[in-house]
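What follows is one structure encoded as structure tokens, with my remarks underneath.
The values are calculated or read from the model by the stated rules, or taken from the named source; none is laboratory data. The model shown is predicted, which means the values in this text are computed figures rather than measured ones. Cβ placement follows ideal geometry from the backbone for every residue including glycine, while neighbour counts extend to all protein chains displayed. We work out accessible area using only protein heavy atoms, side chains counted, and drop any ligands, DNA or RNA first. Shrake-Rupley method; radii C 1.70, N 1.55, O 1.52, S 1.80 Å.
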Amino acid sequence: MDWYMMNCELLATCSALGYLEGEVYHREPDCLESVKDLIRYLRHEDETRDIRQQLGAAQILQNDLLPILVQYPQDKVLFDAVIRLMVNLTQPALLCFGKVPSDATSRHHFLQVLSYLQAYKEAFASEKVFGVLSEKLYDLLQLDWEQRQDEDMLLIERILLLVRNVLHIPPDPTEEQGVDGDASVHDRVLWALHMSGMDDLLKFLASAQVEQQWALHVLEIISLMFRDQSAEELAALGQGQAAAEHGEDIQELETLRQRELAEKRARALQRPSRHSRFGGSYVLQGLKAIGDRDVIFHKGLHNLKSYSHDMGKETRRVPRRRQAAPETETPRRSARNVRLFLRCFCQDFLESCYNRLMLLVKDQLVREKAQQHDETYYLWATAFFMAFNRRRGFRPELVSETVSVRAFHFIEQNLTTYYEMALMDKKEAATWARRMHLALKAYQELLRTVQEMDRSPEQAVRDSSQVIKSNIFYLMEYRELFLTLFRKFDETKQPRSFLRDLVETAHLFLRMLERFCQGRSSLVVQSKRVRKKKKKPRAPAAIAPQPPSTAELEELWAGLVPQLQACLQGEVPLPEDVVPFDAASETPVEEQRTEALLQIQGCLRGARAPQALRLLRSARDIWPEGDVFGTPDTGPPEEMQLLREILFAPLPGHAPPKTEELEEDEEEEEEEEEETVQVSEKEFNFLDYLKRFACAPVVRALVVLLRGYARNSPHTNHCAARLLHRLARDLHMEALLFQLSLFTLFHRLLNDPAAGAYQELVALAKFILGKFFALAATNKKAFVELLFWKSPLAIREMTEGYGSLQDGEGAGRSRVPPWTPQQEQELRELYWKYKEVEGEDIIATILAHLPAPGRTRRQVVKQLVRLGLASSAKDFPRERKGTRIVLWTPEQEEELTRLFEEFQGSEDVLGNIMRHLTARRSRARVVEKLLGLGLVSERKELYKKRRRKGHVPVPGAAGTPALPAQDSSAEDSDGEEEDEDGDEAEEGPMDEHWTPEEGAGQGLAHRLHQEGLAGPLQWLENCLRRTAEDRQVDGVSHPVPLVPLSEENEDAMEDRRFWALLRQLGLRPPSNEQESFWRIPAAITPQQLRRMATSIAHHHHSPPGSPQGPLEPPRCPQDPAPAEQLPARLGSGSDSESGASPCPHCCSEEPVPVPNPARPGTKRQREFDSEDEDDGSLAPSSLPPPSGMELAPAAPRSWEDEDKDEDLQPRGRRKRVRRLEEEEEEEG
């Protein structure tokens, strides 16, 4: 698309702005509206920034907006609108596109927008434009805070943003190819800014007390002003050091001239005596060609030195991901008048603004009031202005705000953060590397400033320097920083300029640290060590202590019987501080149950009868299921018998915390590691610290830097050579530098015609080469060692002889002792000996018989797998915890066989057996016993028989209704079938439509009224009536929860007799752990609700002669089958169900979704073979029958049967209630 062909509406809008006639711009009447329209167009541009490109192509900013800005500054509304539009048009291209696009089309649009921005910057290089902006900004700053309006504050911010955007535009490398000293576009913009007085306004904003909110804007503009400048060059300008600057140029030219003369002399000496076409052919003896013959050279001898096997080969293309990172800064020297103006600006800024502005910016950064990554401007300002102050007659008071330990800490924190983000955010690693470079330069300048303070004539300044150095040298983070940066240097992400500054900073730090140590006899520094606490390896399993014999236990039991009888009769008080369960513990509940058994056994074997009895009773209240601790109605004789069983039971010992099984493909078992940082102090040794730099990454980085020794400054080459000299000479590790890439560099350096300018590097090269050839005379493998980067251990072997390391030395040493052939043979014999032994853990048995050194279970398992005796570690699972102390007696087995034969043909074989068993057992244990007795061959034979959805149960012969079988015992809740298409309609869709008979609950309501529950009965009556009215008005029925809001009603909802009344009325109890309240079913009609309320009200006012007998309610089909007794006091819980909230009067009428007719929980896998099953879920509640279907009333039940109805509460809730009751009893 041709962007010069503008959109017609956009073209009409631009035409309505006005026209330029000579130097005068004539605006149209609709100029203001046209500017606002352009702002709206920019707000709705697409991802290609089409509006922005069309306006740039039409040069609207150069031809219309800037003339309007210059000629109509008095029109405040128009001026404000034009500033808004120009701020939008000049915003950086990176903000428009988010990032530099990777695809060709988007990148073309990006570069197009960038070219228009560069044209805008050239148009802003006008003193008139900046003059208008400066005058407007000056007028706004003259207003007091009380007189400034919000529009004035916005206009100040927009002017600052416009200046920022213009200075941010990068230069065009194709247009600006002039030599140093020429005025570039950026220089002309800076000069216009200076001539307009904008720089003075910036200094005022940076120093004024009332203008501190513009601190970050000002700092950002200043950083862009000095983007291409060098602080050292600006400081040296006009200070009588122009000759020095000139001398550097002369020295550089002299180096180039020497190289050129040397090349001329070499060419003159190599000039052949005859024409090159007749140079002849030569055989290079000792240099093999592709075959076995020597190379034949067909050119003149003067070209022999440049011969290489790579001649004529195509240059290998380096992939983009392996290319060196490009330099982000291009050093350039601006025009002299611009540099003079910037030097004066720096001087004034340091004297009046620097400390205050940096304090404000630091405060905003710490308080997170700034935008993301604004700390980079702070880091740049720290490095630039401190360098300028250091080179311009060092005055420490001018930079006192950033010369402190806090400044070191702030920079080190940011540097570490950038380093970590560069490792994690791989896609933006180059961006993080640039930020890391800024932080490194700030850190370097801090060190140089501290070094300069050491040379100060003032004693106070030198003392401050000593304090700062003692702090930074004491902390470990500052000493380890350079090692970390060296080790993680990546030349594909970080440019050479970063490596240059890193080497110079490390050299400076080492020199300062060395001098600091030389002045002291000893230096104590902080040392941090991260310790990872692993699980201790298991000691060799010794033979377990023999348990007490039966005779010893009989003798012990005889002594315990009198104590237990005294405790059971109440003669000896039981302790109250014995608790077998810890709700806050991370140990699973089932493991705590096993631990409780072990505690009881330990108390019995320790002759602590009262504690054992208290633990037994407390554990029975917490774990009533499974009858492990007895049933709730267990009497003293049964408790004595149960304690005897626990005493004589062979319980497992205390097992270590459960660990994950070894994976098949794991080399080592994952162990939980807990990192702890141990801080200590130690005496510092400089040579020991320097040894940390003796590693391959540091040497490799130095070699990369020295490859460009001709481009490096003399100081950079000196720093790199000094670091290599420290490693080779001070540490006597010359072999660390025996590397082929470094020797190639030395070869190029020694053959360089201008090698005289690099005397330090030449001396280092000769020293290293001499040491190498001396070693090669005794170690012929030294030439092969050139191919590899070496560690200190490899250096020691290379110089002292291979195999000179003692046992236990070296990085390859392992803490695990190796397996000798004798030990492996013994392991094989033990494995085959105990492999067939049943009932024992083979690994534990092997560990018990293995001699020293001690082995862990993991080591033995890994060795067995390595020897091929096992396929994987899964062949040796760890023994699961559990207890089976309640054994089946012969009488119980006969009873189980009889019940199975009796109910074998029924629909629910297992459910009928569970209801008629005398001894309480879990479903898993009953199924396991049936399988063990051979009564069933597989578990599916015990599943309920499936019934069709439309099947209507037929009443029995005795007139009792054949209600759907209920399965809500604690042990029944964990599974019926394993197949997924089991009993979706098994319960029968009839429970939700179950309704009470006429007059249900009359007698029980009257009895409850006489016992003092008149208030809760009145509340229940009101709930029923209000629900009836709402259902009749709305015409929609939803289950409504009964939420007791008063303490009296809440106590009633915890009374079992009140539950019986609710069942008689047909109300539904909580069906699972997610529900906490009883509900009025949705199937009950308003007429039935009114009859229920009238029934309660009638008997509420009935005379005393009314029947008061214990009329038992018919069993509601929603009620689960009774399973076990619970304490009489059972709370309703405080947890409210989502979606159910009380109504403003008595009960909640929020719509509650009606359950799906499919029985919940049938599509999950159910297992019987685990005793540690979750008993917290109840049997699913039954659902309504088809319309028109009625159920016969259930047979009445006795009050004793009401105790069994406590299973209506969820299992987990009953446990919580029991714990609450125990706490209340303890408080009482």
- [ ] Could you tell me whether Ser464 is small (Gly, Ala, Ser), within 29 Å of Arg395 (Cβ to Cβ), assigned to a loop (DSSP other than H, G, I, E, B) and open to solvent by 10 Å² or more (accessible area, probe 1.4 Å)?
- [x] no
- [ ] Go through (1) modelled with pLDDT of 80 or more; (2) farther than 30 Å from Val1033 by Cβ one by one and return the number of the condition Pro1081 breaks.
- [x] (2)
TODO: Filter segment 33-72 down to the residues that are of a type in the set (Ser, Thr, Tyr) and touching an Asp or Glu at 6+ places or on another chain (Cβ under 9 Å), then identify the one that is nearest to Gly18 (Cα to Cα).
DONE: Ser34
Task: Count of residues meeting criterion [in contact (Cβ under 8 Å) with a residue 12 or more places away in the chain, open to solvent by 60 Å² or more (accessible area, probe 1.4 Å) and of a type in the set (Asp, Glu)] in segment 130-171 - done: 3
Open item on the list: Of everything in segment 90-127, what is in contact with a Cys (Cβ under 8 Å, 6 or more places away or on another chain) and either modelled with pLDDT under 90 or farther than 25 Å from Asp64 by Cα (or both)? Give them in sequence order.
Closed with: none
TODO: Please specify each residue of segment 859-876 satisfying the condition of being assigned to a loop (DSSP other than H, G, I, E, B), open to solvent by 30 Å² or more (accessible area, probe 1.4 Å) and farther than 17 Å from Ala844 by Cβ.
DONE: Leu867, Gly868, Ser871
Open item on the list: Go through (1) surrounded by 14 or more Cβ atoms within 10 Å (Cβ to Cβ); (2) at pLDDT 90 or above; (3) part of a helix (DSSP H, G or I) for Ala774 and report which single condition fails.
Closed with: (1)
TODO: State all residues of segment 266-286 that are surrounded by fewer than 12 Cβ atoms within 10 Å (Cβ to Cβ), within 21 Å of Asn751 (Cβ to Cβ) and at pLDDT 75 or above; if no residue qualifies, say none.
DONE: Gly286
TODO: Mind listing just one residue for me: the one in segment 406-449 that is open to solvent by less than 50 Å² (accessible area, probe 1.4 Å), of a type in the set (S, T, N, Q) and out of contact with any Ser or Thr (no Cβ under 7 Å at 6 or more places or on another chain) and, of those, farthest from Arg462 (Cα to Cα)?
DONE: Thr431
TODO: Could you check how many residues of segment 89-113 are buried (at least 17 other Cβ atoms within 10 Å of the Cβ), part of a helix (DSSP H, G or I) and within 38 Å of the chain's Cα centre (by Cα)?
DONE: 5
Open item on the list: Condition check: at pLDDT 90 or above and surrounded by 13 or more Cβ atoms within 10 Å (Cβ to Cβ). Does Glu797 satisfy that?
Closed with: no
Open item on the list: I'm trying to understand the selection: among the residues of segment 1082-1096, which are closer than 17 Å to Arg1031 by Cβ and either among the polar types (S, T, N, Q) or touching a Gly at 6+ places or on another chain (Cβ under 7 Å) (or both)?
Closed with: Ile1084, Thr1085, Gln1087, Gln1088, Thr1094
Task: Selection status of Ser34, polar (S, T, N, Q), open to solvent by less than 10 Å² (accessible area, probe 1.4 Å) and either under 50 Å from the mean Cα position of the chain (by Cα) or more than 25 Å from Arg164 (Cβ to Cβ) (or both) - done: yes
Open item on the list: Among the numbered criteria (1) surrounded by 19 or more Cβ atoms within 10 Å (Cβ to Cβ); (2) part of a loop (DSSP other than H, G, I, E, B); (3) not aliphatic (A, V, I, L, M), which one does Asp490 miss?
Closed with: (1)
Open item on the list: If I go through segment 621-637 residue by residue, how many of them are part of a helix (DSSP H, G or I) and at pLDDT below 80?
Closed with: 5
Open item on the list: Scan segment 669-689 and tell me whether some residue there is acidic (Asp, Glu), closer than 30 Å to Arg529 by Cβ, buried (at least 17 other Cβ atoms within 10 Å of the Cβ) and at pLDDT below 70.
Closed with: yes
Task: So Met386, is it open to solvent by 30 Å² or more (accessible area, probe 1.4 Å) and either under 30 Å from Lys488 (Cβ atoms) or not hydroxyl-bearing (Ser, Thr, Tyr) (or both) - done: no
- [ ] Give the residues of segment 336-370 that are surrounded by fewer than 17 Cβ atoms within 10 Å (Cβ to Cβ) and free of Cβ contacts under 8 Å to residues at least 40 places away in the same chain, sorted by residue number.
- [x] Cys344, Asp363, Val366, Arg367, Glu368, Lys369
- [ ] Could you list, in sequence order, all residues of segment 606-640 that are of a type in the set (D, E, K, R) and in contact with a Leu (Cβ under 7 Å, 6 or more places away or on another chain)?
- [x] Arg614, Glu639
